[in-house]
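The values are calculated or read from the model by the stated rules, or taken from the named source; none is laboratory data. Model, not experiment: these values are computed from the prediction. Cβ: placed from backbone, ideal geometry, glycine included. Neighbour counts: every protein chain shown.
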Amino acid sequence: MRNPSYDILFEPLAIGPLTAKNRFYQVPHCNGGGYRDPSAVAAMRGIKSEGGWGVIFTEQTEMHQTSEITPFIELRLWEDADIPSLRRMSDAMKSHGALAGIQLAYSGINGPNLYTKEIPLAPSALPIRTFTNDPVQARAMDKSDIKNLRRWFVNAAKRCKIAGFDLICLYGAHGFGVFQHFLSRATNQRTDEYGGTLENRARFVNEVIADIRDAVGDTMAITLRVSLDETIGDLGFSNAEVHDFIAMNKDLPDLWDLAHGTWEDCSGPSRFKEEAAQELLVKGIRDLTSKPVVGVGRFTSPDVMARLIRQGVLDFIGCARPSIADPFLPRKIDEGREDDIRECIGCNICITGDMTMSVSRCTQNPTFMEEWRRGWHPEKIAEKGASENVLVIGSGPAGLEAARALSLRGYDVALAEAKESFGGRVARERLLPGLSAWGRVMDYRLYQLSQRPNVQMYPGSELGVEEVLEFGFQNICIATGSVWRADGVARQHVVPMPVRGNLPVFTPDDIMNGRLPTGRVVLFDDDHYYMGGVLAERLAQAGCEVVLTTPCAYVSDWTRNTLEQAAIHRRLIEAGVKILLNTGITEIRADGVETNCVYTDARKVFEANALVMVASRQANDGLYHQLRARQADWADAGINSVQLIGDAAAPGPIAWAVFAGHRYARELDTGVWTEEWGDTLSFRREVTALSPEQ
C-alpha cells in the first residue's frame, strides 16, 4: 500500500484546459533515436505511460527546416509527412492515461543547418553556438523573418494537434531555444522593439503564445521552458531577471517549466550535482504566478519530491534521467515498493547516446531504448527455457544483473564470488571521489537477489575448472571482470611501453585497493573516461604532487559526452593537479618518465617518484578458455552452455556490463548463443522507405 505521506504526489492537477492524473512529469529528454528510430522512441515513451507518469514529453522537436542541429538526431516536424511517426508516439504516451507533450524547438543560434544548407536565423548576427564549434554564423532576423517564424510556430502547433498531442512545450532553456535567445542580452543585441528592455525582449514569446492559442483553441495546453540562470554574469538571463520575467508575464503559459542554465548545469552528473540541486534557484517563483511550476533535479527520493510539493516550491516533479533509470518509478511509489526503485546514479551514460548520435543506454536500466528493438520490458521477462539452473561466476555489474534477471525467469541460480564481498568493480569504484551514488548499481541488485528464494550466493569462492565441472550446473555464465594493465598498452602504445629503470608503477586497481604512491606522481591517462581524473583527484587528496598527462586535447576526453569534462578539469585545477594535454609518455625511466608532444614528438623528462598508469584493461577470461578447452567433458558434467560476458569478454563502462548481464539472462535457452550466432540481426531497426522515383 502507498505511504500516506506520498499521497500529495498522486493528486490530479490542472494544466490549462487539461488535467494531469498525478504530479509525475517526464520533462523532455533526448535519447539518441529521434527521427531515425521513431518506433523505438515511441515504445520507450509508452513504457513510461504504463509506469504511471502523469505527463510525458518527447525530446526537442525541430519545427522548421531553417533550424536544425545535424549531426545530432532529434525529432523533426518540418512537414505533414512527419506527423505519422509523431502520432505513434503520442498514442503510446496516452496508452495508460498520461498527457502527451511535444517540445517544439527552433534552435536559432544553435542550429548550423548542415543538412538543409539553409542560412541560420537568430535575434542577432552571431557565430553559431554548438558542441562542435561549427564555422557558421547566423543572420539577424528582420521584421519579415520574425513574422515568418511566428507563422512557422503556428503551422507546427497545428501539426502537433493533428498528431494527437495534448501539450506543447516551447523550448527556451539550456541556451538551445530561440525564446531564450530573445530573452538574453547575450544573444539579443537588437535596438528595435524586440531588444533592449526585458519587456521588449519578452515580446516575441508573448506573440508566439498568443498566436498558438488562437490556432489550437482551448483543447491544448502551452508550457514554456526557460533557464533559471544563464550563469554567464550580468550580460546573461540571470535568476533575478527570470523572476522579473515571470512576475511580468505570470499568466503567459499554462505551466512554467524551469531548468538550470546550460545542459551541463541542468543535468550535471552526481559527481558534481546533488539531488534537488536547483531548489534554491526555483524557490519563490511559485509565488509569482497562479500557473503550475515544474522543476528538475535528478529526483530519486519520494520524500524529497513530497517535501518540494508541500513547501510550495514545485507543483510537478520533473524527471528525465530518473524516468529512464526506472520508468515505473510512480507505480512503485504508488504501490509502496520504494525499495524496488532503480534509482538513477547520475552517471549521464544516457546523455552519451544523444552526444554520439547513437541509441542511448542506461546503467541502471538495460531495457532503455530496447523496448521495441528487442522487445524488452523493464518489469516483465519471459519464463525460463528448457534448462533448470545457472552458475554465475563473478558478482560485478554483469554477474549481478545476470543473476537477478535469470532468477526472475525462474532459473535456480548460484552466484559465486572469489572475494569475500560482492559487487566487483562497483564496490571499489563507489569509494572514489564523487562516485558514491554509483554504488546503487550494486545495492539495488543485491537487495533484489536477497528477495529471491531461487538464488544462492557464495562469497569467497574462487572456482577452477575442476570445481565447475563437478558442480553439475547446466549453464555456466562467466562474469569475472578485468584488471587494469600496468604496461601502458592502450591507444598510444599498442605494445608494452619501453622501460628503462625501476620506477614504481601503479594501476587503478592498486589505488582502489589502498596501495598509494607518495611524493611527485605522474598519472598517464590513455583511457580518457572518468578514471584518470578521479584518481588524480584522489591522489591530490592524499597529499601527492600530481602531474596528469594525456595524449588528448582534453582531460577525461570522453566525458564531454557525459557533460562533465569542464567540471573535471576545473576540479583538478582547484586540487592543484598540473595538467599536460597533447602529451604522451614514450619511456619509463628510473627517475621519472620521458614525455612527447603528440604533434611534434618533442621530448621532455619529468622527474617523478611514481607513475600511475591509466591505460587499458585486460579481461579475466582464463577460466572461460580453460573450460572451452575441456568442451569434450561438458556432456558428462551436464553442461549445456558456457558463456563469457561483461568486462571478462570486452572491458567497457559499467552500463555495458549491466547490459551484457541482462542480455545473457534474456537470451539463455533461446538458441541465440550457438556456433551460428550472428547470421541474423539481433534486434529490430527502422529502415528508411524509398520515395517513388521521379
Discussion item. Among the listed residues THR518, THR507, identify the single one that is buried (at least 20 other Cβ atoms within 10 Å of the Cβ) and of a type in the set (Val, Ile, Thr).
Written reply: THR507
Practice prompt. Enumerate the pairs (first residue in the stretch 619-634 and in contact (Cβ under 8 Å) with a residue 60 or more places away in the chain; second residue anywhere and loosely packed, with under 13 Cβ neighbours inside 10 Å and not in a helix (DSSP H, G or I)) with beta-carbon separation below 9 Å, excluding pairs fewer than 6 apart on the same chain, so at least 6 apart or on different chains.
Written response: LEU623/GLY464; GLN626/GLY464
Item to complete: Confirm whether ARG321 is surrounded by 18 or more Cβ atoms within 10 Å (Cβ to Cβ) and on the phi < 0 side of the Ramachandran plot.
Response: yes
Worksheet entry | strands (runs of 3 or more DSSP E) contained entirely in the stretch 7-94, each with at least 2 residues that are touching a Gly at 6+ places or on another chain (Cβ under 7 Å), within 22 Å of ALA259 (Cα to Cα) and at pLDDT 95 or above | 24-26, 55-62
Worksheet item: Considering ASN155, ASN113, ASN133, which residue is at pLDDT below 95 and either touching a Lys or Arg at 6+ places or on another chain (Cβ under 9 Å) or in the same structural domain as ASP214 (by TED's automatic domain parsing) (or both)?
Response: ASN133
Worksheet entry | Filter result (among the aliphatic types (A, V, I, L, M) and under 17 Å from LEU406 (Cβ atoms)) within the stretch 444-467 | LEU446, LEU449, VAL455, MET457
Discussion item. It is to be established whether one or more residues within the stretch 159-176 are farther than 27 Å from PRO292 by Cβ and hydroxyl-bearing (Ser, Thr, Tyr).
Written reply: no
Item to complete: Residues being modelled with pLDDT of 95 or more, on the phi < 0 side of the Ramachandran plot and not β-branched (Val, Ile, Thr): count how many of those fall in the stretch 158-179.
Response: 12
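Within the stretch 659-672, does at least one residue satisfy the condition of being more than 19 Å from VAL441 (Cβ to Cβ) and in a helix (DSSP H, G or I)?
Step one: list which residues in the stretch 659-672 are more than 19 Å from VAL441 (Cβ to Cβ), which gives 667-672.
Adding the requirement that they be in a helix (DSSP H, G or I) leaves 667.
So far as the stretch 659-672 goes, yes, one or more of its residues are more than 19 Å from VAL441 (Cβ to Cβ) and in a helix (DSSP H, G or I).
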Worksheet item: Looking only at the stretch 250-270, which residues are touching a residue at least 60 places away in the same chain (Cβ under 8 Å), closer than 30 Å to SER556 by Cβ and either in the same structural domain as LEU572 (by TED's automatic domain parsing) or in a loop (DSSP other than H, G, I, E, B) (or both)?
Response: GLY261, SER267, GLY268, PRO269, SER270
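State yes or no: is GLU686 farther than 28 Å from GLY399 by Cβ and either buried (at least 16 other Cβ atoms within 10 Å of the Cβ) or assigned by TED's automatic domain parsing to the domain that holds ARG36 (or both)? Spell out how you get there, then give the answer.
Values: farther than 28 Å from GLY399 by Cβ: yes; either buried (at least 16 other Cβ atoms within 10 Å of the Cβ) or assigned by TED's automatic domain parsing to the domain that holds ARG36 (or both): yes.
When the stated conditions are applied, GLU686 passes them.
Would you call GLY661 under 22 Å from ALA382 (Cβ atoms) and either loosely packed, with under 15 Cβ neighbours inside 10 Å or in the same structural domain as ILE476 (by TED's automatic domain parsing) (or both)?
Working: under 22 Å from ALA382 (Cβ atoms): yes; either loosely packed, with under 15 Cβ neighbours inside 10 Å or in the same structural domain as ILE476 (by TED's automatic domain parsing) (or both): yes.
For GLY661, the condition - under 22 Å from ALA382 (Cβ atoms) and either loosely packed, with under 15 Cβ neighbours inside 10 Å or in the same structural domain as ILE476 (by TED's automatic domain parsing) (or both) - is met.
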Discussion item. Please verify whether ALA221 is within 17 Å of ILE102 (Cα to Cα), out of contact with any Ser or Thr (no Cβ under 7 Å at 6 or more places or on another chain) and either of a type in the set (Gly, Ala, Ser) or not assigned by TED's automatic domain parsing to the domain that holds ILE349 (or both), treating the condition exactly as stated.
Written reply: yes
Item to complete: Please indicate, with yes or no, whether at least one residue in the stretch 44-56 is within 25 Å of GLU264 (Cα to Cα), under 22 Å from the mean Cα position of the chain (by Cα), free of Cβ contacts under 8 Å to residues at least 60 places away in the same chain and surrounded by 23 or more Cβ atoms within 10 Å (Cβ to Cβ).
Response: yes
Worksheet item: Are any residues in the stretch 120-142 under 25 Å from GLY196 (Cβ atoms), touching a residue at least 40 places away in the same chain (Cβ under 8 Å) and out of contact with any Asp or Glu (no Cβ under 8 Å at 6 or more places or on another chain), and if so, which ones?
Response: PRO120, ALA122, PRO123, SER124, LEU126, ARG129, ALA140
Practice prompt. Quick one: which strands (runs of 3 or more DSSP E) lie wholly within the stretch 523-616 and hold at least 2 residues that are surrounded by fewer than 16 Cβ atoms within 10 Å (Cβ to Cβ)?
Written response: 603-607
Discussion item. Please go through (1) crowded, with 24+ Cβ neighbours inside 10 Å; (2) in contact with a Leu (Cβ under 8 Å, 6 or more places away or on another chain); (3) within 25 Å of TYR458 (Cβ to Cβ) for ARG409 and return the number of the only condition it doesn't satisfy.
Written reply: (1)
Worksheet item: Being within 28 Å of GLY434 (Cα to Cα) and charged (D, E, K, R), is that true of even one residue in the stretch 576-597?
Response: yes
Discussion item. With the requirement that a residue be touching a Lys or Arg at 6+ places or on another chain (Cβ under 6 Å) and surrounded by 19 or more Cβ atoms within 10 Å (Cβ to Cβ), what does the stretch 276-312 give you?
Written reply: VAL293, ARG298
Fill in: Residue count, the stretch 131-153 (criterion: in contact with a helix residue (DSSP H, G or I) (Cβ under 6 Å, 6 or more places away or on another chain) and either surrounded by fewer than 17 Cβ atoms within 10 Å (Cβ to Cβ) or not in a helix (DSSP H, G or I) (or both))
2
Fill in: Conditions (1) in contact with a Phe, Trp or Tyr (Cβ under 7 Å, 6 or more places away or on another chain); (2) over 21 Å from ASN31 (Cα atoms); (3) among the basic types (Lys, Arg): number failed by ARG310
(1)
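Report the residue count in the stretch 95-118 for those that are under 16 Å from PHE57 (Cβ atoms) and in a loop (DSSP other than H, G, I, E, B). Working first, answer last.
Filtering the stretch 95-118 for residues under 16 Å from PHE57 (Cβ atoms) gives 95-105.
Keeping just the survivors that are in a loop (DSSP other than H, G, I, E, B) gives 97-98.
Number of matching residues: 2.
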Worksheet item: What is the residue count in the stretch 271-330 for residues that are free of Cβ contacts under 8 Å to residues at least 24 places away in the same chain and either of a type in the set (A, V, I, L, M) or under 21 Å from GLY16 (Cα atoms) (or both)?
Response: 2
Worksheet entry | Count - residues of the stretch 90-105 that are closer than 20 Å to PRO322 by Cα and buried (at least 22 other Cβ atoms within 10 Å of the Cβ) | 8
Worksheet, complete the sentence: Considering the stretch 487-504, residues that are in contact (Cβ under 8 Å) with a residue 24 or more places away in the chain and closer than 12 Å to ALA615 by Cα, and then whichever is surrounded by the most Cβ atoms within 10 Å (Cβ to Cβ), we arrive at GLY488
